[in-house]
1. Considering only Cα-Cα distances, which of the following residue pairs are longer than 19 Å: K343/K476; K128/K453; K333/K474?
2. What is the Cα centroid distance between region 206-256 and region 367-387, reported in whole angstrom?
3. Karplus couplings for region 206-217 from phi (6.51 cos²θ - 1.76 cosθ + 1.60, θ = phi - 60°), rounded to Hz, Gly and Pro as x?
4. With both bridge residues required to lie in the chain, what share of the DSSP beta bridges run antiparallel, to the nearest 5%?
5. Check the straight Cα-Cα distances from K266 and name the lysines below 23 Å, setting aside those fewer than 8 residues away within the same chain.
6. Report the one residue of W88, P137, A115 whose Cα lies farthest in the direction of the positive end of the charge dipole of the chain (charges on C-beta: Lys and Arg +1, Asp and Glu -1; origin at the Cα centre).
7. Within the set of other residues whose C-beta is less than 15 Å from the C-beta of G127, count the net charge using Lys and Arg as +1 and Asp and Glu as -1.
8. Each residue of region 360-366 in order: what ³J(HN,Hα) in whole Hz does its phi give by Karplus 6.51 cos²θ - 1.76 cosθ + 1.60, θ = phi - 60°, with x for Gly and Pro?
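Every number here is computed from the coordinates shown, using simple stated rules; none is lab data. Quick caveat: nothing in here was measured; it's all calculated off a predicted structure. With ideal geometry, Cβ positions are generated from the backbone for all residues, glycine too; neighbour counts draw on all protein chains shown.
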Amino acid sequence: MSKVALSIIGSAAVLAVAVAPTAVDAQKSGGTLRAYLTTNPPSTSLHEETTIEVVHPFAAVHSNLVRFDPTKVSNDASTIIPELATSWQWDATKTKLTFKLREGVKWHDGQPFTAKDVACTFHRLNGKEANYFRRNPRSAWYENLTEVTVNGDHEATFHLKVPQVSLLSMLASGYTGLIPCHVDGKTMRTTPIGTGPFKFVEFKSNQSVSLTRNPDYWDKGKPYLDGIEWRIVTSRSTRILAFSTGEFDMTRSADITIPLMGDIAKSAPQAICQLRPTNVTTHLLVNRDVEPFSNPQLRRAMALAIDRQAFIDILGHGKTFLAVNMQAPPEGKWGMPKEELAKLLGYGDPEKQRAEAIKLMESLGYGPNKKLKVKVATRDFNNFRDPAVILVDQLNKIHFEATLDIVESSQWYNRLFSRNYQVALNLAGAGVDDPDGVLSMGFQCNSPANFAKYCNAEVDKLLDQQSQEFDPAKRKEIVWQIERILVEDVARPIIYHGNNATCWQPHVKGHVQPENSIYNSWRYDQVWLDK
């Protein structure tokens, strides 16, 4: 590792994890939760964006049909509970799922919520109402959904082409808030309307986001908070200092790295910090349609150049996770064990792999006197920039002349969607720990969020097979088969999985940080302030 790389990462700090005490006092109503965002949200539309900076403030505006239980650490099929649906039932063919809906629910503008709104939401998501969204990054989740029919105001049925075991998990994701038929897409991008515990008040670009309590929330007595105020603070040192001095009640989800936990333990020893697997991957993207990266041997050399353990040791003090696309066990339900990972391309001895990568590069005509110049694009976030520095350093050891291309944060996903990059280091989180939510979204040929535009007919066929397999053991076998193909094809090399912390002041009660996703715990309806 170069001195430059080490200096950017910073010095090691002592790991300190505080365990949240169990609340025994009665919940108190009132007060405003003060938190921060790390960049300007690109819009207020959950369904059109792919960043936590939109989910974190705006998920509380919405409600889902179902949700993951906010009192449980694990977000999986066993912890799904009702929200706007009161019950649901599959038919015998497993291709029709009927929801009974909660009565008396109102949108924030006073209009009644009905089954038609359910149909509108998912007809927009599955492309039946194709012109509503500017972009639809999770359309792959719902391409099996052909129709949503209604029976009166309080019953809706989802019709699938074939069985899909993951559907309820997709519906429980923090990204899957319902939206009203009577509100246009432009309005939802600037002043969202939902049925959630909090109503949108104001979004001041590059400054703040404000929400206020919904007095007509269907779950009577909630939320306990009067409101939530987010301030946009792009400087990591500034926001950590502000939290430590009590200016903020809570950090942004998973913003606190393992080294930073030591800093907070010193500056704010009273703070509660929970370290959880994030189900967020740090990975390499290669634009395979641009020369010379269309050459599979070059992409293979790049995959072999990655020393994953160096990333884990430097950035995570050995506490981040080695995995492929699916989250590592035991928290991840579909991830490969270490003995299987060891068999994969790029997961062996780093020195031997680097020597093989150098030979491949030299066979392509590169060497000490003819290096491959490339800009490695990454987002202007610490969690992106720090690993990108290490990646550049490792590529430069195999006859690359790589430099960083730092992209302004709010423009990052526009760059990815337009494929305006040669090589990129990206982070991507999973809304759910399910192969449909991760693999289909990331690698299906026609998925908008397949940023590398990887397309393999065999993989698409296997993705369809696993999605219809209700036997978990058999489904896992197919998922691992897909993972092996993706690694061998250098589709999107995974470097490591994150393990970060969320911190809050002791007077913040009721928040539980999940271990399967950073996107599913931000309704705030059960959070209260003990002060």
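1. K128/K453
2. Using only Cα atoms to place each centre, the spacing works out to 34 Å.
3. 6, 10, 6, 10, 10, 10, 10, 4, 8, x, 9, 4
4. Counting DSSP beta bridges with both partners in the chain, the antiparallel share is about 75 percent.
5. In chain and number order, the partners are K319, K509.
6. P137
7. Charge balance near G127 sits at +2.
8. 4, 4, 5, 5, 8, x, 9
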